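Asks: What follows is a structure written as structure tokens; I'll ask about it next.
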Amino acid sequence: MTQEWKIYTKTGDKGETSLIGGKRVPKYHEQIEAYGTLDELNSYIGLIRDLILNEKMKTLLLEIQDRLFTAESLLAEDKETSSRILPQLFEDDILLLEKKIDEMNKELPALNSFVLPGGHPIASHCHIARCICRRAERITIKLSENYQVSELVIKYLNRLSDFLFVLARKITLDMGANEVIWKARI
């Protein structure tokens, strides 16, 4: 007979949680903030995946979500106490984003100015995900000042925000919506 799995453990009721390796830290700890923000991003990309009709893009977004879970686990590890073998990010993960950015860019008009977020609801969601990604990147860079953080996590987040920007532009084009170029009032 299998044991029932419960979602609640009650171990966090006093404002602490465990890192991978067992070390207890406050729920506002820098590592929790970093991987929690990646979790927020991952959830938002799940929303975008649910809204997109293109099956190839859905598959790619699912791959990105998997990579984000990998990055989350790397940020959640206490390197002093953990002996677990964790999944890793690889340079190929970043190259895949670059390849997809380049493919989408070939279909887009040249851009010589900033774009105002919007144009289509799905594109708007991509812009919000891009902003969450940039915040996750900033938090992770700050974390790296005091903790060992894989360079590839930071690099992946940087490239992912670029991918989400280009994806927003591509969706705007594919949906026949208008891209609004920002015209500074000077």
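Asks: Among the residues of segment 1-21, which ones are exposed (fewer than 10 other Cβ atoms within 10 Å of the Cβ) and either of a type in the set (Gly, Ala, Ser) or in contact (Cβ under 8 Å) with a residue 40 or more places away in the chain (or both)?
Replies: The answer is Gly15, and nothing else.
Asks: Being closer than 15 Å to Arg159 by Cα and touching a Leu at 6+ places or on another chain (Cβ under 9 Å), is that true of even one residue in segment 80-88?
Replies: Step one: of segment 80-88, the residues closer than 15 Å to Arg159 by Cα are none.
Scanning segment 80-88 turns up no residue that is closer than 15 Å to Arg159 by Cα and touching a Leu at 6+ places or on another chain (Cβ under 9 Å).
Asks: While we're here: Can you find a residue in segment 124-132 that is surrounded by fewer than 19 Cβ atoms within 10 Å (Cβ to Cβ) and basic (Lys, Arg)?
Replies: no
Asks: Provide a single number: the residues in segment 130-186 that are over 24 Å from Asp92 (Cβ atoms), of a type in the set (Ser, Thr, Tyr) and not in a helix (DSSP H, G or I).
Replies: 1
Just so you know, all these numbers are worked out from the coordinates, no wet-lab data involved. This structure is a prediction, so every number in the text was calculated from the model and none was measured. Neighbour counts are summed over all protein chains in view; Cβ atoms, including those assigned to glycine, are modelled from backbone coordinates with ideal geometry.
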